[in-house]
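Right, one structure below, let's go through it.
The values are calculated or read from the model by the stated rules, or taken from the named source; none is laboratory data. Remember, predicted model here, so these are calculated numbers, not experimental data. Counting neighbours? That spans all protein chains shown, and the Cβs are built from the backbone with ideal geometry, glycine included. Keep in mind that these areas ignore ligands, DNA and RNA; they rest on the heavy atoms of the full protein, side chains included. Shrake-Rupley method; radii C 1.70, N 1.55, O 1.52, S 1.80 Å.
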Amino acid sequence: MAKVVSVNISERKGTVKTPVPEITLRLRHGILGDAHAGDWHRQISLLAEESVDKLRPLVPTLEPGVFAENINTRGIDLKNLPVGTRLRIGETEVEVTQIGKECHNDCAIRKATGTCVMPTEGIFAVVVREGTVRPGDEIEIITEGERA
């Protein structure tokens, strides 16, 4: 069963996100208190711990939020979910809008390792159903989007 490992927010863009006990998702907004919230297609970022594990041999101290991700997961292959996929995360529902993004070349992880997983394995989503998400919440694929 796929689960939420950590939920993370930051008050300013361009900074590492900090783990918090829970996050509140709002329609047409994203996560309350997070700098990336707003009425746009990248309200929430998700990254699988399996992706982070690829870099842990090079940087063993990687903590949740270091890639500026809002939700860390385990047990779901996020990077291969097609755009349009809907996920139930705890009591909420999100829809995948983007896979990967352009990385900041000055990213500390890229500088330390020569690579970064967020550009190719992180995903972005918008809120479809409001609610609260906490570590330990289950994640379920409700509908799968169209494959390109």
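Listed values, structure above:
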{"quantity": "Single unsatisfied condition, Lys79 versus (1) assigned to a loop (DSSP other than H, G, I, E, B); (2) basic (Lys, Arg); (3) more than 17 Å from Lys17 (Cβ to Cβ)", "calculated": "(1)"}
{"quantity": "One residue from Thr115, Thr143, Thr97 being at pLDDT 95 or above and of a type outside the set (Gly, Ala, Ser)", "calculated": "Thr97"}
{"quantity": "Selection from the stretch 8-35 of residues that are open to solvent by 20 Å² or more (accessible area, probe 1.4 Å), farther than 16 Å from Val126 by Cβ and not in a strand (DSSP E or B)", "calculated": "Glu11, Arg12, Lys13, Gly14, Thr15, Val16, Pro21, Glu22, Gly33, Ala35"}
{"quantity": "Members of the stretch 21-74 found to be within 13 Å of the chain's Cα centre (by Cα) and aromatic (Phe, Trp, Tyr), listed by number", "calculated": "Phe67"}
{"quantity": "In the stretch 122-148, the residues that are among the acidic types (Asp, Glu) and either touching a Leu at 6+ places or on another chain (Cβ under 9 Å) or open to solvent by less than 70 Å² (accessible area, probe 1.4 Å) (or both)", "calculated": "Glu130, Asp137, Glu140, Glu144"}
{"quantity": "Any hit, the stretch 42-57, residues being part of a loop (DSSP other than H, G, I, E, B), open to solvent by less than 20 Å² (accessible area, probe 1.4 Å) and under 17 Å from Ile89 (Cα atoms)", "calculated": "yes"}
{"quantity": "Among residues of the stretch 46-63, those that are over 17 Å from Glu121 (Cα atoms) and aliphatic (A, V, I, L, M), counted", "calculated": "2"}
